[in-house]
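Written out below as structure tokens is the structure these notes cover.
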Amino acid sequence: MINFLPTLKHSTQPAKNKRAVALCVDSAYLPYASFVASQILEKETARDFDIVICLPDTEKIPVSTQENIRYCTVDFSVIDGLPVGRLSSATYHKIFLPALFKDEYEQILYLDADVYVSAPCISQILDSNQEGKGLMMAIDISEIERKSGFNFHNAYLNRYIALKHQYRNAGVILFNTKRLLKIGYLEKMMAYARKNRQKLLRHDQTLINTVLYDEIGSLSFLYNYQLIDTTIPLLAEFQPKIFHFVGELKPWNTEHGFIGSFHAEYERYIGQHFPAHQIVSKTEFQLKYESRKKKRKYKNVVRERMSLGVFVGKEKLKHVLSFFDEKSPDNVMNNPKIRRIVSRFRSTIDTSIYECEMGASRV
């Protein structure tokens, strides 16, 4: 018996299709989720799916944004005990979508609010789950780093290597409702979460990868292209359909660099539909430095201060090299070290995409 299922309290409109794209946010991220929904409405003109935004209070929705978007008020208070760290509890909301909408949607494509849909692809993704798996997810950027020969996240990833599982990113997930309900996915996840709170280092992403690893099918990295310093130079080559602004740099909080190039588009949309919502932008260095200070690495004050100094030095070096300066891409790629790093990432991403395509062709 499920006694931890959130309650769907209100909906601005009924379900119209058997498939849906869904975003789950708190009031702070509502403008960004609505922006993503507006992109889908603009790019996917022939839709056979609903667009759903779940949030704690639909009274905060501006009238101008409601057309063709289903807003649902959901009471998620039953999960308040889950660890969130610096995040909002909304990070866990996505895992309840198949159970919440089991009588309405056969498939649900979940999207984080910090994605950017660069080309029509939603129907293509919804049609892609032919493996009978409960979920489909793209490889995580930390797994890309590991496979490219970098060991930044190995301690965390070791548990998944032992399971022979490629660690996946939870920013884009295709849920197969019927399959997940059949295996009692939610009971399994909540049982693990209650007994292993200290192990949920990456919150919902840890929970999904740990409990449902054998139910996860492969989604192409092109549908969840996670933007970091080493993937941005490869955009023109891979031409991903969905960008994912992982990390502290978001298009609404920075006006500089590649990610900052999206700022004006967000600013226009939010200014029109959410005029009361304030956007505060900072430099890339400020955002990265503030994020690094919050993620304290060492208890020892001296070691932590030295680590921060190394971080600052590396960021200054990137700036000197014009590491990702759009005005001087040739200077960037002429640096042998950067060329080698980018080449490794290119090979790993290409292999990941190929494995997805081969897996789909075998079905």
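Label-to-label distance, residue 302 versus residue 181, with points set 7 angstrom from Cα along the beta-carbon direction: 6.2 nm. Prolate is the label for the stretch 220-275, because the ratio a/c of its alpha-carbon gyration tensor axes (a ≥ b ≥ c) is 1.5 or higher and a/b is greater than b/c. Please work out whether the stretch 113-230 counts as rounded, prolate or oblate from its C-alpha gyration tensor, where a ≥ b ≥ c are the square roots of the eigenvalues and a/c under 1.5 means rounded, while otherwise a/b larger than b/c means prolate and anything else oblate? Because a/c hits 1.5 or more and a/b fails to exceed b/c, the stretch 113-230 counts as oblate. Phi-derived couplings, Karplus 6.51 cos²θ - 1.76 cosθ + 1.60 at θ = phi - 60°, listed residue by residue for the stretch 40-45: 5, 4, 6, 8, 9, 6 Hz, with x used for Gly and Pro. Per-residue 3J(HN,Hα) values for the stretch 174-187, derived from phi via the Karplus relation 6.51 cos²θ - 1.76 cosθ + 1.60 with θ = phi - 60°, read 9, 9, 9, 4, 4, 5, 5, 5, 4, 8, x, 4, 6, 4 Hz in sequence order (x marks Gly and Pro).
Pairs 18/102; 147/250; 288/337: which are spaced more than 19 Å apart, C-alpha to C-alpha?
Listed pairs above 19 Å: 147/250; 288/337.
Applying the criteria of a DSSP loop state and at most 12 other Cβ atoms within 10 Å to the trypsin sites (Lys or Arg not before Pro) of the stretch 164-208 yields 164.
Amide H contacts of residue 50: 17, 19, 20, 21, each under 5 Å away and 5 or more positions distant or on a separate chain (H built 1.01 Å from N in the peptide plane; Pro and chain starts excluded).
Any read-out appearing in this document is the output of simple, stated calculations on the displayed coordinates, not a laboratory observation. Bear in mind that the values here come from a model prediction, so they are computed numbers and not experimental data. So basically every Cβ, Gly included, is an ideal-geometry build from the backbone, and we count neighbours across all protein chains shown.
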